[in-house]
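Each remark here refers to the structure printed beneath this line.
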Amino acid sequence: MALAAAANGPGLRATDVRFTADSIGIVEIGIEITGLGSDGLMRYLWLSFGLLALALGAIGSVVPLLPTTPFVLVAAYAFARSSKRLHNWLVTHATFGPLIENWQRYGAISRGAKTAGLASIIAVFSLSLIMQASTTVLAVQAVVLSGSALFIATRPTPPDEG
């Protein structure tokens, strides 16, 4: 019964808990959980993914080498599939909302976000050079960071920034 109580959660109910053991000591435990269909499970997964992305985006807003915009966009995408309340909060947020709106409306990145992103890319590669990273690491970073920088630099700026 303790297992049934542990399996029960918000919207969940362990309806069939079975314990069986055979003569050689192999134990089988079966739990049937109802109240959370595949849609509900996906909603919880999207919600968890969105919260993780939002946390990383929030950390990125104060840590210079961690990007904010991609994580916030991922969070908005995940919240749109899991929580209307969190999605609405995020898209109307004073800091994160404009990033999302610019991307959704225009496929654009603001000048400030571009500057921060490109500066972070340069800082990361410079730090790797200073730390004397291996040639292989530098080559991989050069390819990945160059692709990222090219993507950021070629996105349009929002119309209100001219």
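All of the numbers you see were taken from the coordinates with simple rules; none came from a lab. It should be emphasised that the depicted structure is a prediction, and the values quoted were computed from it without experimental measurement. Don't worry about glycine lacking a Cβ; one is built from the backbone with ideal geometry, like all the others, and counts go over all protein chains shown.
Annotations
- Couplings 3J(HN,Hα) of the range 134-147, computed from phi: 5, 4, 4, 4, 5, 5, 5, 4, 4, 5, 5, 5, 5, x Hz, in residue order, whole Hz [Karplus 6.51 cos²θ - 1.76 cosθ + 1.60, θ = phi - 60°; x for Gly and Pro].
- Tail fraction, Cα-Cα pairs, the range 37-107, threshold 20 Å, whole percent: 26
- Sites listed here are trypsin sites (Lys or Arg not before Pro) in the range 79-117 whose DSSP assignment is loop and whose Cβ has at most 12 other Cβ atoms within 10 Å, and the list is empty.
- Backbone N within the range 89-110 under 16 Å of label point (7 Å from Val62 Cα along the Cβ vector): 95-96
- Note on the range 127-152 and the range 64-110: Cα centroid distance 27 Å, given to the nearest whole angstrom.
- Largest-first principal axis extents, alpha carbons of the range 108-162, Å: 43, 16, 8
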